[in-house]
Amino acid sequence: MEAWLQSLLAALALPEYGLSTVFVVSLLSATLLPMASVPAVYGLVKLNPELFWPALVVATAGNTAGGIVTYWMGYGAERAFERVAHRPPREARALAWLQRWGPPACLLSWLPFVGDPLCGVAGWLRLPFWPCVAYMAIGKFARYLLYVGGLYWAAPGAYTP
């Protein structure tokens, strides 16, 4: 089993598989799974400096796709929840805040701990889909640019794209 895992990790580390791996890791990390995609993106960029911009675009696409999945999960969950429960005052305030800000609140979808559930709540509230996706993508790209670019450029001898 260990040999199989090592060969799988070696294959995923190759440049021709690196971008697809970044996409999958970014997609999964944007769902409610407790993962981080920035280390995978940074690792690929550190090993392959010429992939800086493609890695950021692919990671943004994967992370946004994960946000879309979470949005639709929230959209579906809202119907089931409304049939059986009422909202405590604290939840009602949070939902009112999100309804007031609307799709621009999805700019915060990159935040740890609250960003992924935010996408789900946007679906729950049935906020307009495409504006939410656009704001998710902008926020997630800015996060990758800030984190990966900052880490990469701060490293000694870093490649400047």
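Every number here is computed from the coordinates shown, using simple stated rules; none is lab data. All values reported here derive from a predicted model rather than from experimental measurement. Please note: Cβ atoms are built from the backbone with ideal geometry, for glycine as well, and neighbour counts cover all protein chains shown.
Some observations on this one:
- You can think of it this way: the chain between TRP97 and LEU151 has 16.1 nm of extra reach, that is 0.36 nm per residue less the Cα-Cα gap.
- Summing charges over neighbours of LEU56, with a neighbour being any other residue whose Cβ is under 15 Å away from its Cβ, gives +2 when K and R count +1 and D and E count -1.
- Over all other residues within a Cβ to Cβ distance under 14 Å of LEU27, the charged ones net out to 0, with Lys and Arg as +1 and Asp and Glu as -1.
- For the stretch 38-78 versus the stretch 125-156, the gap between their alpha-carbon centres in whole angstrom: 9 Å
- The packing ranking, built from the mean of other Cβ atoms within 10 Å per residue, places the peptides 34-41, 114-121, 145-152 in the order 114-121, 34-41, 145-152, highest first.
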